[in-house]
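Q: So that we are looking at the same thing, I have put the structure below in structure tokens.
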Amino acid sequence: MARTVKTTAEVALPAGTRRTLFTAAWRDRRTWVCALLLAALVFVVHVNDLGHGFVYDDEDNIVKNPHFRGLGPRQLGWMFTTFHMGHYQPLSWATLGLDYVLWGDNPTGFHLTNLILHVGNAVLVYLLALALLGARPAHTGRAPAPVAWSAHMAAVLAALLFAVHPLRVESVAWVTERRDVLSSFFMVLAVLFYLHAHGGTVAASPRVWVVLALAALTLSLLSRAMAITLPVILLILDWYPLRRLGGPAGSWTDRAARRAYLEKIPFCIVALIFTILAPLAQQAAGARATLTEHGLLERLAQACYGLVFYLWKTVLAVNLSPLYEIPQPMVLSSAKYVVPALLVLAATVLLLVQGRRWPWLTVVALVYVVLLAPVLGLVQSGSQEVADRYSYLPVVGWGILAAAGWLELWRRWRPVGVGGIVVGSAAVVILATLTWRQSLAWRDSVSLWEQAVRAAPSATTHQNLGAAYARTGRLQEAIAQYRSALELDALNRPSLHGLAKALTDTNQFDEAVAAWERVLQYNPENMRARLLLARVQRARGHPESAQFQYAEALRFDPRSTEARLGLAAVLAERGRLDEASAECRKVLEAAPDHPGGRYTLGNIRAQQGRFAEAAAEFRRALEAQPDFPEAGSNLGLALEYLGRLEDAVQAYQAVLNRHPDEVITRYNMGNALSKLGRRQEAIAEFREVLARNPQHAPARKALDNLLAAP
């Protein structure tokens, strides 16, 4: 049996002797070889991310957000003062701004930065594990003993269990979660600095390393508020493995203990500042749930469920989802909540009874709970019950503990330790394979929400998948998803609106009317819904109903230009041309060059037979908005009625130069050319129309007539 070698944390030091957790490892070339190999492996496992687009909240945080684009005074001012989307994260915004400077709108660069940070975190976790598991004591007057290969292997295993686990995919593949990988980088760095200050032989004062730890904490908090728990974690580490608190005599109040407490005051002050800022940011975004909305018992049940969920998913990393929505209502008597509560209670009792005998297990469990505390739902923000990204750092300790277990087997029972290598390698390969597959789900919004619907179906996941389908033109599939969402939650307003819009876009007008009316039933002041319902009613040939909707929209918002011009168009359709003109005049009095106002008035003048005035209005519309194909086409028609065929052809050609697929304009062009006697050019235009729309009967008839003519 191999001789047992105690870890650094377990070695009692002679009086006046200090040891290092780091020096031996950092001077060992093997450390950096392992770090490079680890970095390469983690990069390869997550390399799929580089081909992904922007998904989920990236739309609001990145794609539609102009404020972060750059690192000038205006952008930096916004970064350090905004609570955008419920977070205060100026340093994360700064890194995203740098990405924009380097890459523009290309998502590859943003994903690359996330991946580099994650690789960096993997290396830091390796160094942390190596420091805790591998360094040996330095005797007085002698250099630190070199770190054994077995310790390097154990540290690499701990880092891999962290870095290639499928639960990490969400934090790495989602650009918005830059805050997660960045804040974690500085948080782990702060712990390393702190351990170096109090667990190592260093020539300089340990205060330097404590100050560096405080600086790293500040940078972590500027990236995301999750590190507010670090002062508590440092106190836990003071107890074990540093043994600065509750030492052999069990003292928590001696001089050394008081020094440890005083040392935490700056850390607590910095953490307190961000503890105040975090809920203010959530409140500004309307994300915080009140006790009335989400009661105390529900929060406690959610917290117990979360503590068990992350450990369970760490062991069985399948059916992962970007959203695990809080069920409504929460059935607290169900096994989903009762079993985790009992497990948490049992674990608590076990640690209270045996905690001092198993300090390594107690520390890992306490750090796990403390790191998760801000996101367990005790202070609920958002609709998620749990989230894969919340496990990013909390499970690191369990990986180090697993590696320590293998290391102990290797030292005590070498054959069993060899078997442990096989098991550990197999576990890493399985996790890496699952991570590779899971990362594919994040390549675009459709694949992401398809995975969510499979893993954790809810009204929101179905609705988000429906929206993703709609954006890619898969409208029938979108309709099916919106209907599924409404079956789960009949009041899901985004699904109601999405269903109505998809039905409108697929010309299912009767069902669209019913859907829009349901939307308005829950929110009568929804202007967009009213305007779209009015358009549907016009398309159905119900101008009276459309007129009513436009009038109602104007009652809620008399300044709505779209509603007023829609009302004018409907009045014109009903032959009430003077009233229609009056509505147009109201728009043009406020905005004389409004292109839509001029266009609508031009249509009214044409309907009145006043084609010269109509042509003038269409020209003014085009002056205000040169790329206005409808105005250009109608200008050509007005000129035709005035007998100015050559001018009409020029108007049509101007439209087709910009929009060669405008079938109606091309058909009108063919007619004008035919009237001018330019037979071959007219034939060519009608053939172009039919090439784009073979079912265009008027173009077919006109072409046949021209071909049949002598």
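Q: Report, to the nearest 10°, how far helix 629-641 tilts away from the longest principal axis of the Cα atoms in the chain, using its own Cα long axis and a range of 0 to 90°.
A: Compared with the principal axis, the helix lies near 0 degrees.
Q: Grab the Cα-Cα distance for A514 and Q607, subtract it from 0.36 nm times how many residues apart they are, and report the gain in nm with one decimal. Mind dumping the intermediate values first?
A: Numbers: separation 93, 0.36 × 93 = 33.48 nm, distance 3.24 nm.
Length gained between A514 and Q607: 30.2 nm.
Q: Helix 697-708 versus the longest principal axis of the chain: what is the Cα-based angle in degrees, 0 to 90, to the nearest 10?
A: On a 0 to 90 degree scale, this one is about 50.
Q: Determine which lysines satisfy two conditions relative to K701: a Cα distance under 21 Å, and not lying fewer than 8 residues away in the same chain.
A: Correct list for K701: K675.
Q: Got the relative contact order for the chain handy, in percent, Cα pairs under 8 Å and 6 or more residues apart? Write out the running numbers ahead of the final one.
A: Values: 1040 pairs, mean separation 77.2, N = 710.
It rounds to 11 percent for the chain.
Q: Using a 7 Å offset from Cα along Cα-Cβ at R576, what residues in the stretch 525-567 end up with backbone N under 13 Å from the label point?
A: 543-552, 567
Q: Follow-up. If packing is taken as the average number of other Cβ atoms within 10 Å across a peptide's residues, how do 255-267, 637-649 rank, most packed first? Walk me through the intermediate numbers first.
A: Working: 255-267: 14.8, 637-649: 18.5.
Highest to lowest by the protection proxy: 637-649, 255-267.
Q: Which order do the peptides 317-329, 543-555 come out in when sorted by mean C-beta neighbours inside 10 angstrom, highest first?
A: Details: 317-329: 16.5, 543-555: 19.2.
Result, highest mean Cβ count within 10 Å first: 543-555, 317-329.
Q: What is the distance in Å between the Cα centres of the stretch 620-649 and the stretch 546-608?
A: After rounding, the separation between the Cα centres reads 20 Å.
Q: Moving on. Per DSSP H run of n ≥ 4, the term is -39500 (n - 2.57); total these for the chain, divide by its residue number, and report the mean residue ellipticity at 222 nm rounded to 500 deg cm²/dmol. Walk me through the intermediate numbers first.
A: Numbers: 33 runs with 478 residues, N = 710.
Mean residue ellipticity at 222 nm (helix-derived): -22000 deg cm²/dmol.
Q: Turning to a different aspect of this structure: Using alpha carbons only, how many degrees (0 to 90, rounded to 10) separate the axis of helix 29-45 from the longest principal axis of the chain?
A: For helix 29-45, the angle is close to 30 degrees.
Q: Highest first, please rank the peptides 492-501, 154-163, 211-220, 697-706 by the mean number of other Cβ atoms sitting within 10 Å of their residues. Before the final figure, lay out the partial values.
A: On the way: 492-501: 22.8, 154-163: 27.4, 211-220: 20.7, 697-706: 15.2.
Ranking, from highest mean packing down: 154-163, 492-501, 211-220, 697-706.
Q: Let me ask another. Between V63 and T348, what FRET efficiency follows from the Cβ-Cβ distance if R0 is 35 Å, with the result rounded to 0.05? Show your work: numbers first, answer last.
A: Numbers: r = 45 Å, r/R0 = 1.28.
Computed FRET efficiency for V63 and T348 comes out at 0.20.
Q: On a straight-distance basis, which aspartates and glutamates could pair with K336 in a cross-link, Cα separation under 15 angstrom, same-chain partners fewer than 8 positions away excluded?
A: E298, E325, E385
Q: Now for a different question. Once you have a ≥ b ≥ c as the square roots of the Cα gyration tensor eigenvalues for the stretch 206-245, tell me rounded if a/c is under 1.5, and otherwise prolate or oblate according to whether a/b is larger than b/c.
A: Values: a/c = 4.16, a/b = 1.48, b/c = 2.81.
Verdict is oblate for the stretch 206-245.
Q: Could you state the number of Å between the C-alpha centres of the stretch 256-280 and the stretch 53-102?
A: With the stretch 53-102 and the stretch 256-280 each reduced to a Cα centre, they are spaced 28 Å.
Q: Quick check for me: using +1 on Lys/Arg Cβ and -1 on Asp/Glu Cβ, what's the dipole size of the chain about its Cα centre, in debye to the nearest 20?
A: 2980
Q: Go through (i) 67, 27, 24; (ii) 41, 35, 21; (iii) 41, 31, 29 and flag the label whose value is the computed semi-axes √(5λ) of the Cα gyration tensor in Å for this structure.
A: Computed from these coordinates, semi-axes √(5λ) of the Cα gyration tensor in Å corresponds to label (i).
Each value in this text was obtained by applying a stated rule to the coordinates, not by laboratory testing. What you are looking at is a predicted structure, and each value in this text was computed from that prediction instead of being measured. Positions of Cβ are generated from backbone atoms using ideal geometry, with glycine treated the same way; all protein chains shown enter the neighbour counts.
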